[in-house]
Structures are given as structure tokens and as C-alpha cells.
Amino acid sequence: MHEMGIAQSVIEIVETQTSAHQGARVQVIGMRIGPFAGVDEASLTFCFDCLVAGTRLKSARLRIEQAERDELDVTFIEMEVP
Amino acid sequence: MSRIATEVVGQKVLKENDRIALALRAKFQKQNILCLNLISSPGSGKTLLLESTLASLPAGDRVAVLTGDIQTDNDARRLARAGFPVKQITTAGACHLDARMVETALQGWNLKDIELLLIENVGNLVCPTSYDLGEAAKIVILSVTEGDDKPLKYPGIFYKADLMVLSKIDLAPHVPFDRTAAIANARSIHPDIEVLEVSALTGEGMEAWHRWLEQRRTARQSASA
């Protein structure tokens, strides 16, 4: 089930991007996924939710936008900063 | 008082795989290696196609094979009988090969000894599509015992592959597979996809496949000349 690997990669991107905001609470992770990316949204969301449970990113939720072809991108991160 | 901050990211999820794949592609180009990534469902005849191909190549030809499976080295042992260097990548669970696995598997081989690198991916029509291995082309193999609507059901790989090989055509008279429909379906996803029809078992169509390989190998050599 490679959505687990994809979810892990998404988490790594978010952790790198938010490393400068340690106190921040990530709420939304924007993604664009195309029909030829070979990634199932429901599986990805399930895997992501499993992986972030109990971690710093536990409040984060994926917001997935339909994209073209094989796009598979993290587009933005919305976080609450103190 | 807290506020919401939005950070624009715009980053490909598979950036790390792509980074390694790009480095592999550059290495292959520098060493004049034609690398082909063979993708299909389990059981569509990838290994037999490769066995037959390797058997037709002259001894001393600079060919090497990487074959991926979740478990066992059965395929590597079959392919090694032809006498060319073969390595098994056992993923122990991953449903696809990724660039890092290929990079690791190539360690210990002198790339100067290789001119054609054939990669047999894990049997899976979905996941391998996403993972660039640094190859020059993806080849999708579809057997006549599968549905002729496979290209519509699994558009990703048919979109990305340069070539569709319809395999096991010796069985065509015994199955309802509609080859015209299969080709039309593939072309509806990818209008320029090339198509070859073969039986690795009987040899039918294999000459055209060997010619396709030869043409690609020659083109790679002259591109660097």
C-alpha cells in the first residue's frame, strides 16, 4: 500500500517547512492530486491520519484539490501560530 | 494572541525520489546506458518476455537486468540463465521499485560494462507509475488474458509508457480480448503510444520487439556520439 509511503513523504515535507515554527499548530495541508498520479485520495487520507495521530501534526488535515494528469504536490500549509 | 499563517509550499511529494531518479538519468546518459522500466500486472508475462529477449542477444552483449519482487529471487534465477548480470531487488512489502532501490542495486556493478539496463518492476499496474527510476522509457505489458479496457481502468501507466506490448497473443483465439479495442483504449489515453504484439512463448512478433530495442539502443548511442 504505497499511500503510506506517500503520506510519509507529505509529513516530511510539512515538518521541513514548519521547522522554523515549532510552536505552530498545523491545521490544513493543501495538496493537488491528478488522476494519473496513481494515488487514491481516501487511502492517502487514511494513512496520513494514522501517521500523525499522537504527533505534533495531529490536528493537521489534508485538503485535496483535483489536479491534472500526474500532479502530486503539496501546495500550502495553514497553521495557527502563537 | 494566535493567528493563522499560510505558507505556500508548491512542492512535489515525490521530490526525493525524483532527485535520485534525475541523478540516475544523468548517470545513464553519461555512460550511454539505455534504461527501460517494464511495468505490468502480475502474470502478464514480463519475465518470459525478458527471458526470451536475453536468449536472443549475443553472448558478451553489454546487458544487465534488475528484477523487482516483494518476495523470492525466482525471477532473478530464471533470468540469470541467459548469462548476463542479473540482480534481484526484494522489496519485502513495497509494491513498487523506487529510485533509491535502483541506485542501491547498481552499486557493485561497473556502469561502463552496461549498455542496456532492463528493469522488471514489481507486478503492479498502479504504484510503479508514480516512481521515476531514471529510465529512458516505461514499457507497459498487457496480456490478452486481461481485459481490453485495462488502459481505461489504469490510465496512469498507459499515459506514461512509450510502448504497450500486448503479450501472450498465442492465447488470443481462446479469449474474448478485443485487440482493436485495447489499442483504441490505450490511444485514447495516450495518442502517441507505440504498440507491439508478441508471444514470448511461440516467438510470434518477437522480431519486431527486438527491432524496437535495437532502434532505441542505436538512437541512444548516436545521441551521445
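A few remarks follow.
- Hey, B:ALA184 closer than 24 Å to A:GLY34 by Cβ, under 13 Å from the mean Cα position of the chain (by Cα) and surrounded by fewer than 20 Cβ atoms within 10 Å (Cβ to Cβ) or not: no
- The set of residues in the range B:126-163 that are in contact with a helix residue (DSSP H, G or I) (Cβ under 7 Å, 6 or more places away or on another chain), under 17 Å from B:LEU50 (Cβ atoms) and surrounded by 24 or more Cβ atoms within 10 Å (Cβ to Cβ) comprises B:LEU133, B:VAL140, B:ILE141, B:LEU142.
- Conditions (1) surrounded by fewer than 19 Cβ atoms within 10 Å (Cβ to Cβ); (2) of a type in the set (Val, Ile, Thr); (3) under 23 Å from B:VAL165 (Cα atoms): number failed by B:THR67: (1)
- From B:ILE33, B:ILE39, residue being touching a residue at least 60 places away in the same chain (Cβ under 8 Å) and farther than 22 Å from A:GLY38 by Cα: B:ILE33
- Listed by position, the helices (runs of 4 or more DSSP H) contained in the range B:90-199 that have at least 2 residues being under 29 Å from B:LEU24 (Cα atoms) are B:99-106, B:155-160, B:179-189.
- The range A:5-38, subset at pLDDT below 90 and closer than 18 Å to A:ASP70 by Cα, residue surrounded by the most Cβ atoms within 10 Å (Cβ to Cβ): A:GLY38
- Some residue of the range B:174-182 being among the aromatic types (Phe, Trp, Tyr) and modelled with pLDDT under 95: no
The values are calculated or read from the model by the stated rules, or taken from the named source; none is laboratory data. Being a predicted model, the structure only gives us computed values, none of them experimental. A quick note on method: Cβ atoms are made from the backbone with ideal geometry, for glycine too, and the neighbour counts reach across all protein chains shown.
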